[in-house]
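The values are calculated or read from the model by the stated rules, or taken from the named source; none is laboratory data. Everything numeric in this text was worked out from a predicted model, so none of it was measured. Neighbour counts run over all protein chains shown; Cβ positions are idealised from the backbone, glycine included. Protein only, heavy atoms only, side chains kept; ligands, DNA and RNA dropped before computing areas. Shrake-Rupley method; radii C 1.70, N 1.55, O 1.52, S 1.80 Å.
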Amino acid sequence: MTNEVWWRLGFFFSILVIMMLLEWRKPARQSPIKSGTRWFANFGLVVLSSVVARLAVPIGLTAVAIYTQQHGIGLFNLIALPNVIAIVLSLILLDILIYWQHRLFHRVPILWRLHRVHHADAHVDTSTGLRFHPIEIVLSILVKLVAVVVLGVPAIAVLIFEIALNGLALFNHANIRLPSAIEKPLRLILMTQILHRIHHSQVVSETNSNYGFSVIWWDKLFGSYKSEAKKTDNDLDIGLIEYPTAKQNASLWSLSMMPFKSK
Ligand SMILES: [Zn+2]
């Protein structure tokens, strides 16, 4: 666990660079806004959110998991399960939790104020996968923290989950279109780029579908799966109609202030 930071950063930057190279060589769609403008806002928000999250919740989730394990707190620390079963169950339960958290952020108006910062992006690329308001990031950490304590999630499962969630968000937001020989079988299990772009459509019924970040199972199970949008992947209108200009949807200041302004 001492190398945790290096594992996380290693995976993060490797996947980020691979996705950006693929987007550069073979972009699926053209951005209506200059990439530099969007990236400054999106990556600026990542830096801001990381700093705010660190200050708001100064303790890491794996440190909490180690503490609960040492003190016998939480379900999996109370019942004797083989380690591998506890890890697999933890990953499944955490993923279902994130699915429902995402759905709740769409359903509850005050939470949607935060989450629309992510959806206001007029283009979807790997940087969109990181674009979340600092308050949404903090709330998400707190939800996971409660889950880690209640379930007694093993520290290694926390680390695997965090790396996977982050990596898959970079993957399924990437502005690429996998060859259909790969995409077709992959979408039977994973949320592919084409499926996730439906979630970023301006059509509300399409935005309120495909909530999963990793597997498609929870959307299938809870009735929110959509295999196709009304328009083709190429013609899909992306973003929020309420924020049509770059000044509204691609400036660090307006993204930071977006939850506090009614629209
Ligand atoms: Zn969403």
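Out of all the residues in region 198-222, which are among the β-branched types (V, I, T) and either within 19 Å of F132 (Cβ to Cβ) or more than 14 Å from the ligand (Cβ to nearest atom) (or both)?
Of everything in region 198-222, those that are among the β-branched types (V, I, T) and either within 19 Å of F132 (Cβ to Cβ) or more than 14 Å from the ligand (Cβ to nearest atom) (or both) turn out to be T207, V215, I216.
Would you point out which residue out of H123, H133, H119, H106 is in contact (Cβ under 8 Å) with a residue 24 or more places away in the chain, of a type outside the set (A, V, I, L, M), open to solvent by less than 30 Å² (accessible area, probe 1.4 Å) and touching a strand residue (DSSP E or B) at 6+ places or on another chain (Cβ under 7 Å)?
None of the others qualify; the one that does is H123.
Would you check if K226 is within 15 Å of the ligand (Cβ to nearest atom), under 21 Å from A174 (Cβ atoms) and without any contact (Cβ under 8 Å) to a residue 40 or more places away in the chain?
yes
For region 47-55, indicate whether the set of residues that are more than 19 Å from R197 (Cα to Cα), assigned to a loop (DSSP other than H, G, I, E, B) and over 19 Å from the mean Cα position of the chain (by Cα) is non-empty.
Within region 47-55, none of the residues are more than 19 Å from R197 (Cα to Cα), assigned to a loop (DSSP other than H, G, I, E, B) and over 19 Å from the mean Cα position of the chain (by Cα).
Pick from region 174-197 the residues that are more than 15 Å from the chain's Cα centre (by Cα) and assigned to a helix (DSSP H, G or I): which of them is farthest from the ligand (Cβ to nearest atom)?
Residue satisfying both the conditions and the ranking: A181.
Which of the residues spanning region 233-263 are among the charged types (D, E, K, R) and in contact with a strand residue (DSSP E or B) (Cβ under 8 Å, 6 or more places away or on another chain)?
The one that is among the charged types (D, E, K, R) and in contact with a strand residue (DSSP E or B) (Cβ under 8 Å, 6 or more places away or on another chain): D237.
May I ask you to list the residues in region 1-29 that are open to solvent by 40 Å² or more (accessible area, probe 1.4 Å) and without any contact (Cβ under 8 Å) to a residue 24 or more places away in the chain?
If the condition is that a residue be open to solvent by 40 Å² or more (accessible area, probe 1.4 Å) and without any contact (Cβ under 8 Å) to a residue 24 or more places away in the chain, then T2, N3, V5, W6, L9, F13, S14, V17, I18, L21, W24, R25 are the ones that fit.
Based on this model, can you work out whether I163 counts as within 29 Å of Y67 (Cα to Cα) and open to solvent by 40 Å² or more (accessible area, probe 1.4 Å)?
no
Residues V46, V57: which one is β-branched (V, I, T) and either over 19 Å from V124 (Cβ atoms) or at pLDDT below 95 (or both)?
Step by step, each of V46, V57 is checked, and only V57 is β-branched (V, I, T) and either over 19 Å from V124 (Cβ atoms) or at pLDDT below 95 (or both).
Looking at region 51-58, can you tell me whether even one residue there is under 21 Å from G212 (Cβ atoms), exposed (fewer than 14 other Cβ atoms within 10 Å of the Cβ) and basic (K, R)?
Scanning region 51-58 turns up no residue that is under 21 Å from G212 (Cβ atoms), exposed (fewer than 14 other Cβ atoms within 10 Å of the Cβ) and basic (K, R).
Kindly indicate which of K247, K184, K263 is at pLDDT below 95, more than 21 Å from H106 (Cβ to Cβ) and not small (G, A, S).
That would be K247, the only listed residue that is at pLDDT below 95, more than 21 Å from H106 (Cβ to Cβ) and not small (G, A, S).
For region 84-143, which positions are within 13 Å of the ligand (Cβ to nearest atom) and among the polar types (S, T, N, Q)?
Those that are within 13 Å of the ligand (Cβ to nearest atom) and among the polar types (S, T, N, Q): Q101, T128, S140.
Yes or no, residue by residue, for (1) open to solvent by 30 Å² or more (accessible area, probe 1.4 Å); (2) among the small types (G, A, S); (3) farther than 28 Å from L94 by Cα; (4) in contact with a helix residue (DSSP H, G or I) (Cβ under 9 Å, 6 or more places away or on another chain):
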residue	(1), (2), (3), (4)
A174	no, yes, no, yes
E183	no, no, no, yes
R187	yes, no, no, yes
Q193	no, no, no, yes
S209	no, yes, no, yes
T232	yes, no, yes, no
D237	yes, no, yes, no
P244	yes, no, yes, no
S251	yes, yes, yes, yes
